[in-house]
Amino acid sequence: MIDLLARHDGSRVALLEPATGTTLHYDDLCERASAMAGILKAHLERRLVFLLATNTPDAIVLFQACLAAKIPLCLLEPNPAARLAPLLRAYRPQALLVPPGIEVSIGRRPEPLPESSYQILWNHDDVNTAAHPDLALLLTTSGSTGSPKLVRLTRRNVVANAVSIAEYLGLTPAERSIQGLPMQYSYGLSLINSHLVAGGSVVLTRHSFLWPEFWKDFASTQCTSFAGVPYMYESLHRLRFDPQQYPSLRTMTQAGGGLRRDLITAFYQKAQAASVRFFVMYGQTEATARISYVPAERLGDKIGAIGVPIPRGRLSLAPVEELEARELVYQGPNVMMGYAEDAESLVKGDELQGMLQTGDLATVDDDGFYSVHGRLRRFAKLYGRRVSLEDVERHLETKYRVLVAAVNRNDSLHIFTEPTNAVSAGDIRLNLAAELNVPPNSIHIETVAKMPFNSNGKKDYQSFA
């Protein structure tokens with residue numbers, strides 16, 4: 001990746017952080033990342049490192065440095081640190097890269113990293129074996145239910161997806177994106193990578209998109225684009241967001257789950273009035289980030305579609321046994337090597353060979369535009385993050401010893417339980433909201449007299465439809 005960034009005009013701005021007044025030009029970014037790669041290479045073997053990611057220049061430098069040094073890296077959210085426990089047990093990383101203000105207790109004292117606010121925390125006990133030579137990056141697939149399942153990605157996956165995104169969005173060195181999504185989230189990481197590959201700039205703000213300070217940073221740095229997941233657009237719609245208030249805004253993108261058709265229409269109309277391009281996109285972490293998009297000029301007559309495949313990608317439909325619907329299948333250079341569930345998984349090679357069965361049921365129209373109509377496998381999208389419904393059930397049934405059925409309805413989580421005196425519905429809601437790091441009002445709890453089962457002894461989810 002550094003090789004690609006080094007091709008840009010070194011005097012152009014790569015990263016801006018208004019809160020600290022930090023500006024890194026491309027020469028600065030490449031120099032710092034290369035120097036850090038040398039430092040890490042001298043101290044780390046080719047074994048897994050955890051990076052507790054923040055939207056800061058130092059975190060991006062460390063990400064680029066690990067790619068350059070060929071040190072496999074897992075990006076994780078910095079808080080709460082307690083959620084690291086199952087991942088530490090499963091993967092036994094050689095070290096953790098920890099930002100200031102975060103305490104992780106694994107029996108070692110952190111050491112400062114030269115020219116960085118981050119510290120390195122060594123994990124000398126029972127460190128995993130060397131990873132596969134192609135493994136570069138691990139990303140989480142679900143919000144967090146204690147599941148250690150991660151997506152295994154290569155440098156080729158990361159670069160290929162960044163280049164494809166930059167191509168279909170028409171990104172140029174004049175682009176300036178504001179980083180309103182976390183770096184450890186595949187959509188958020190793709191924003192950084194695609195703009196840097198294009199030679200543009202990334203503004204790193206510490207403020208939520210709901211705060212006036214976020215939009216002050218947007219305006220003062222003359223940002224040209226905004227990216228959001230469905231709940232962000234739903235919130236902006238309630239706040240009567242008007243893109244015409246920001247003259248520098250030229251592009252809006254949406255991914256991370258399906259946005260309601262009426263909101264797509266509303267934002268498309270607002271974008272049209274402001275001469276802003278609005279892209280609706282579809283992707284999965286298993287494909288590094290993006291799989292398809294609806295070109296801005298076609299959105300008006302393709303409301304609800306996920307669009308056409310990204311450059312160098314291909315979509316098709318495969319029959320599903322015992323269903324009339326067909327499953328969406330994607331092929332491309334951004335498809336993961338496969339999943340990891342423990343340290344031993346890290347030595348595996350490419351198990352998918354560029355082909356991903358998405359688990360989504362889809363159709364395609366006469367213009368070649370695809371639309372998703374349901375899930376083959378059971379996941380929910382909550383605030384832009386994919387959550388395994390099976391993991392939710394396992395967590396609650398283990399904790400409360402009560403039968404649970406978890407169902408996704410319109411991007412909200414519905415929990416059905418049998419009656420119990422051991423815990424109240426309110427306690428279940430609050431516990432699960434904290435576990436998933438989502439607002440409690442996105443979770444609905446209902447009691448059923450007896451959990452329904454079908455003839456093969458499995459929970460009858462259709463009865464909750």
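Below, the figures for the structure above:
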item: Selected residue (only one of 391, 360 is under 20 Å from the mean Cα position of the chain (by Cα), part of a strand (DSSP E or B) and within 25 Å of residue 189 (Cβ to Cβ)); result: 360
item: Residue in the stretch 22-43 that is under 15 Å from residue 121 (Cα atoms), modelled with pLDDT under 90 and outside any loop (DSSP other than H, G, I, E, B) present; result: yes
item: Yes/no for residue 201 being touching a residue at least 24 places away in the same chain (Cβ under 8 Å), assigned by TED's automatic domain parsing to the domain that holds residue 73, over 21 Å from residue 384 (Cβ atoms) and surrounded by 15 or more Cβ atoms within 10 Å (Cβ to Cβ); result: yes
item: Hits in the stretch 164-199 (condition: part of a strand (DSSP E or B) and either of a type in the set (Val, Ile, Thr) or at positive phi (or both)); result: 178
item: Set 202, 280: member being outside any helix (DSSP H, G or I), within 17 Å of residue 189 (Cα to Cα) and not aromatic (Phe, Trp, Tyr); result: 202
item: Failed condition for residue 419, given (1) surrounded by 15 or more Cβ atoms within 10 Å (Cβ to Cβ); (2) of a type outside the set (Lys, Arg); (3) farther than 22 Å from residue 235 by Cα; result: (1)
item: First in the stretch 150-167 and assigned by TED's automatic domain parsing to the domain that holds residue 92, second anywhere and charged (D, E, K, R) and in a strand (DSSP E or B), Cβ under 8 Å, 6 or more apart; result: 161/290; 164/290; 165/290
item: Which numbered condition residue 312 fails, given (1) surrounded by 15 or more Cβ atoms within 10 Å (Cβ to Cβ); (2) in contact with a helix residue (DSSP H, G or I) (Cβ under 8 Å, 6 or more places away or on another chain); (3) at pLDDT 95 or above; result: (1)
item: All positions within the stretch 5-21 that are within 25 Å of the chain's Cα centre (by Cα), buried (at least 16 other Cβ atoms within 10 Å of the Cβ) and not in a strand (DSSP E or B); result: 5, 18
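The values are calculated or read from the model by the stated rules, or taken from the named source; none is laboratory data. Not measured: the values here are computed from a predicted model. With ideal geometry, Cβ positions are generated from the backbone for all residues, glycine too; neighbour counts draw on all protein chains shown.
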